[in-house]
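To start, the structure itself, in structure tokens.
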Amino acid sequence: MLITIPDYYQDFECIADKCEDTCCAGWQIVIDKKTLKKYTKIKGDFRKRMFKSVDWFQGTFKQDKDKRCAFLNEKNLCDLYLSQGEEGFCKTCREYPRHTEEFEGVREITLSISCPEVARILMNRMEPVSFLSYEREGEEEFEDFDPFFYSILEDARKEMIAILQNRDLTITDRILLILGMAHDMQGRMNRQEMFACSDVISKYTTNRALDFVKKHQQKTENKKEEMTFAHTMFQHLFELELLREEWGVLLAETEDLLYRDKENYCKTKKEFINYFKNRTGLQNHNSKDGEPDTMIEDSNCNINITIHLEQLLVYFLFTYFPGAVYDGEIYAKVQLAVYCTWMIWEIWMARWLKNEKSIDLEEMTELVYRFSREVEHSDLNLREIEKILSKKWFLTNKTGCS
């Protein structure tokens, strides 16, 4: 079996009670059957605590009124771990924040940015992410798995990541290129022309494709529609399953700050971009008006906004794109990566406004992991977003990330 991990995988180490949040609250933790059976055999003084703290019918850990796991103590440490050691962990607790996607002969393991420490690693990283692969014994077979389709998706993802990491291009051009590639691949697949997908992938690595997306961007430039589209897309977040009450408060606050009227939205967005441009006057060679391709540095933060957007796009694309092998939703998977990154951008912008037009890397990182906790840790939410995006195509509108 081929195992693939991001190159920062080994940089992660749980910081336990030093973490500003906890992975043991807000989510219902499901216990795998093997561990649940092991829990029934625990003896000694801890046995009574175990039986009181597990919902044996549902196969989950019980929670208190604040949705904290029954084993989570006041120091944000796990009493189950303190009593039983790592062997006491169920599969979910043992593996988090590792996220695994399984394919025939392939296992891809990423680190979820819902973990504050993982989000911090990614947000502090300036160099492009690469992915490492190695072989391990053992292989699983999957029914109804199309290895040819999977190989096409792998080729496409490789080129999309290369495009996203091409720092000679603006972030908007990179986004439009991967959207265009996915859009055209979806069309070929819908017409059962899967062999033509390879030509599509090649086409979007050419200067001709770049010229096309630049012209498309100029044609779709419409400031009056920009805020309406952004607001409409943001409102879909209210339709999702709410895992933490404070997230609903943040969404309402963001909506109130950003979408009061069209003129203010466009003005705020321009000022937000210029905030990153003008702090020290450090601009990279491909930056232009309306493109956040600059670095800001001061005593409180070290931010390259374009690189942060790039890292998030690569993270979401790598994690979810190959899943199209199971449902055929090529375009929706790429739109998911763009949508999540865009919504994080909008929430950053609202926090900047709230802070009287100031934001630092620590706050940006906080908003990244809070977004991920609400969206990525609910299969229902991920499915709902893909359902929405299968009907709303970014290529007919401004993406909002420029």
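Quick note: the coordinates plus some simple rules give every number you see, no bench work behind them. A quick note: this is a predicted structure, and the numbers were derived from the prediction, not measured. Using ideal geometry, Cβ is built from the backbone for each residue, glycine included, and neighbour counts are taken over all protein chains shown.
Observations
- Cα-based shape type of the stretch 24-95, given that a ≥ b ≥ c are square roots of the gyration tensor eigenvalues and the cut on a/c is 1.5: rounded
- Using alpha-carbon coordinates, inclination of helix 330-354 to the longest axis of the chain, degrees: 90 degrees
- Each Cα pair under 8 Å and six or more residues apart adds its sequence gap; the mean of these over the residue count of the stretch 24-95 is a relative contact order of 38 percent.
- Distance between the stretch 299-345 and the stretch 194-266 - C-alpha centres, whole angstrom: 12 Å
- Within the stretch 18-112, DSSP assigns beta bridges of which about 100% are antiparallel (rounded to the nearest 5).
- Under the criterion of Cα pairs below 8 Å and six or more residues apart, the relative contact order for the chain equals 19 percent.
- Helix axis angle, 245-258 relative to the chain longest principal axis, alpha carbon, degrees: 10 degrees
- Global geometry of the stretch 1-66, whether rounded, prolate or oblate, following the gyration tensor of its Cα atoms and the 1.5 cut on a/c: prolate
- q = 0.11, 0.15, 0.16 Å⁻¹, the stretch 298-371: log10 I(q)/I(0) [Debye, one scatterer per Cα]: -0.33, -0.56, -0.62
- Square roots of five times the Cα gyration tensor eigenvalues for the stretch 30-170, Å: 38, 22, 13
- Degrees, to the nearest 10: 207-219 long Cα axis against longest axis of the chain: 80 degrees
- The length gained by stretching the chain between Lys267 and Glu193 to full extension, at 0.36 nm per residue less their Cα-Cα distance, is 22.2 nm.
- Extending 7 Å from the Cα toward the beta-carbon at both Leu380 and Lys354 defines two label points whose distance is 2.5 nm.
- Average projected area [Cα convex hull, the stretch 98-183], square nanometres: 7.6 nm²
- Here the simple spin-label model places points 7 Å from the Cα toward Cβ, and for Asp155 and Glu74 these points are separated by 6.2 nm.
- Set Lys214/Lys262; Lys18/Lys91; Lys52/Lys75; Lys158/Lys387; Lys67/Lys391 screened for pairs whose C-alpha atoms are more than 29 Å apart: Lys67/Lys391
- Calculated FRET efficiency for the pair Lys215/Phe238, C-beta based, R₀ 30 Å, to 0.05: 0.30
- Matching the structure-derived Rg/Rh (Cα atoms, Kirkwood Rh) against the labelled list (i) 0.96; (ii) 0.98; (iii) 0.93 gives the label (ii).
- Anchor Lys357: lysines whose Cα lies under 17 Å away (excluding residues fewer than 8 positions away in-chain): Lys267, Lys269, Lys270, Lys277
- Gyration tensor verdict on the stretch 74-136 (Cα atoms; rounded if a/c is under 1.5, prolate if a/b is larger than b/c, oblate otherwise): oblate
- Highest mobility in the GNM of the chain, judged by mean-square fluctuation with C-alpha springs under 10 Å and restricted to Arg120, Arg136, Arg157, is found for Arg136.
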